[in-house]
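> A single structure is presented below for examination.
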Amino acid sequence: MNLVKLGERIRGLREKRGLKQSDLAHALQISAQAVSKWERGENAPDIAILPDLCRLLDVSIDWILGARESERDTFPATVFCSDLQGFAKKAASVPPRELALYANGVFHLITEAVLRHEGIPVKYVGDGFLAFFSGADHAERALKAARQAFVVLPGVGLDTMLHSGEVYLGSIGHRDYARPDILGETVNSTFLALGWLAQNHPGGLGLTENTLKQLKAKPAPRVSKKVSVKGLAEGLTVHVLDAKG
């Protein structure tokens, strides 16, 4: 095995996906130094880690080892999307610096919950947070992260929606300002379902039928509702759960 070429393939695919070495490390529960050694050609992923690495990057083991097989830009994932109840009102009533301190405190705890369960944070916009989970048991890990976020942020008014499907991961925007992002119908539908949740079940945890089907232990929803989603003729079935399990 040519370790230098293997490292180049891993680095090239990671960068194309817009991921940092620390993102791979968090997702695989290894050190960032180990990922760095792979990419420098000083070491190779352990055979036990290789399947999880390939699932995260959504390529086959053959491809990552150099066989002639095309990679894909899209892969299955569970999208994690959240916002904060009353944020607009708070923004109108406190100085911007105070608002930023509040938002950063909340985002820190949500992000730590996502990282603990091997998710990948994508971006923060206003009071909104976007992340995704890929690889083995991505729906299970996303639900655990969501429930942990509610535990560490009691009384904050957190709305969280989970939806599973195909996503595209890559750099989006002007070449001088592009940042890694996820796009696709799955992402768009997650945001729309979150809007329904925030209006009808504020401070709630929701997941779609797509996500529920992937869970080994099916939680009992408090409410199940067919939600109209722009662009989806059949809509989405959303299940509202007890946030703390």
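> Can you give the charge dipole size of the chain about its Cα centre, rounded to the nearest 20 debye, using +1 on the beta carbon of Lys and Arg and -1 on the beta carbon of Asp and Glu?
360 debye
> Continuing with the same structure: Which of Gly128, Gly155, Gly18 ends up with the largest GNM mean-square fluctuation for the chain, with Cα atoms connected below 10 Å?
Looking only at Gly128, Gly155, Gly18, the largest GNM fluctuation is found for Gly155.
> Using the Cβ atoms and a cut-off under 13 Å, what net charge is assigned to the surroundings of Gln21, where Lys and Arg are +1 and Asp and Glu are -1?
Once positives and negatives cancel, what remains is +3.
> Order these peptides, 170-177, 147-154, by their mean beta-carbon neighbour count within 10 angstrom, highest first.
Per-residue mean Cβ counts within 10 Å order the peptides as 147-154, 170-177.
> In whole percent, what relative contact order does the chain give with Cα contacts below 8 Å and a gap of six or more residues?
19 percent
> Figure the gain on full extension for Val152 and Ala220 (residue separation times 0.36 nm, minus the Cα-Cα span) and round it to one decimal in nm.
Taking 0.36 nm per residue and subtracting the Cα distance, the gain is 22.2 nm.
> Show me, for the range 208-214, the HN-Hα J-couplings you get by feeding each phi into the Karplus relation (A = 6.51, B = -1.76, C = 1.60, θ = phi - 60°), rounded to Hz, glycine and proline as x.
8, 4, 4, 6, 4, 4, 8
> Let me ask another. Provide the gained length on full extension for the span Asn104 to Ser31, in nm with one decimal, where the gain is 0.36 nm per separating residue minus the Cα-Cα distance.
Computed gain between Asn104 and Ser31 is 23.7 nm.
> Using a simple charge model, +1 on the beta-carbon of Lys and Arg, -1 on the beta-carbon of Asp and Glu, nothing else, what dipole does the range 3-64 show about its Cα centre, in debye to the nearest 20?
With only Lys, Arg, Asp and Glu charged at Cβ, the dipole is about 180 debye.
> Provide the packing ranking of 33-40, 203-210, i.e. peptides ordered by the mean count of other C-beta atoms within 10 Å per residue, highest first.
Going from most to least packed, we get 203-210, 33-40.
> Let me ask you something else. Would you kindly give the portion of the calculated P(r) for the chain that falls above 24 Å, as a percent of all Cα pairs?
48 percent
> Shifting gears a bit: Which entries of Lys89/Lys123; Lys16/Lys244; Lys20/Lys213 have Cα-Cα distances beyond 26 Å here?
Check vs 26 Å cut-off fails for Lys16/Lys244; Lys20/Lys213.
> Another question, then. Can you give the Kirkwood hydrodynamic radius of the range 1-101 from its Cα pairs, in Å with one decimal?
Hydrodynamic radius (Kirkwood, Cα only) of the range 1-101 equals 15.9 Å.
> Taking only complete DSSP H runs, can you tell me which helices of the chain stretch 24 Å or more along their own long axis by Cα positions and average at least -0.5 on the Kyte-Doolittle scale?
Passing helices, by number: 96-116.
Throughout, read-outs are computed from the coordinates displayed, never taken from laboratory work. On a predicted model such as this, the values are computed, not experimentally measured, just so you know. Cβ coordinates were reconstructed from backbone atoms using ideal geometry, including for glycine residues, and neighbour counts include every protein chain displayed.
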